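Enquirer: The structure that follows is given in the form of structure tokens.
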Amino acid sequence: MTCHLARGIQRLHHALIVWEWSPGGATLTLVEPQRVELWGGWSLELPSPCRTIRNQDGSWSAWDETHVVDVSIVEVGGRVGGGPIGPEQMLTGTESRDQHELDGTIARISSDVEVTDTDRGPESIEWTRIQVGAPNTLLIMSVGNAGLRDAVWHERLWRGVRHVPPKKGIFRGLRRSS
């Protein structure tokens, strides 16, 4: 008796359907995007389940079977006179990229393909490079996957980036003594 197993992933507007079929039955799993809180007020939404790690150099990474995401965040104190540095100024030097507004931030995106040495030998890796500027902060993200182009996953990821400025003030972190 031959046992056949089939698996697949179908994309929906806001989620993924992961399916598996075998002679013993079929299973369907709905995978909702996962919101991940980073630091400095930044968060992003992973389009599929990923493993994550905070790296020794302070950056953050996520990966699944086909994608890898690397994030670094730069924070500055503002202008010499005390005012904030705006999102546009945080993105200096990236004018050649496509630009998008994301809830009060400005994102610049570019894509390229690089041949990279992997365990299986040289492979073409599709990279999407994203820089998102907000007042006094910049998120730098690289999203890669080997094999077939996965622009939908890449776009869902960068469109899910959010920045909420951290609360500041004299009373932040103070507790009442009893």
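FYI, it's all coordinate maths here, none of it is from the lab. As the structure is a prediction and not an experimental result, all values here were calculated from the model. Cβ placement follows ideal geometry from the backbone for every residue including glycine, while neighbour counts extend to all protein chains displayed.
Enquirer: For region 53-74, give me each residue that is exposed (fewer than 13 other Cβ atoms within 10 Å of the Cβ) and either farther than 25 Å from Leu148 by Cα or among the basic types (Lys, Arg) (or both).
Expert: Within region 53-74, Ile53, Arg54, Asn55, Gln56, Asp57, Gly58 meet the criteria.
Enquirer: For region 44-52, state whether one or more residues are polar (S, T, N, Q) and assigned to a strand (DSSP E or B).
Expert: The answer is yes; a qualifying residue exists.
Enquirer: Determine the pairs where a residue that is free of Cβ contacts under 8 Å to residues at least 24 places away in the same chain and over 20 Å from Leu157 (Cβ atoms), located within region 110-133, has a partner that is surrounded by 11 or more Cβ atoms within 10 Å (Cβ to Cβ) and of a type in the set (A, V, I, L, M, F, W, C) with Cβ atoms under 9 Å apart, the partner being 6 or more residues away or on another chain.
Expert: Short answer, once both residue conditions are applied: Val115/Ile125; Arg120/Ala146.
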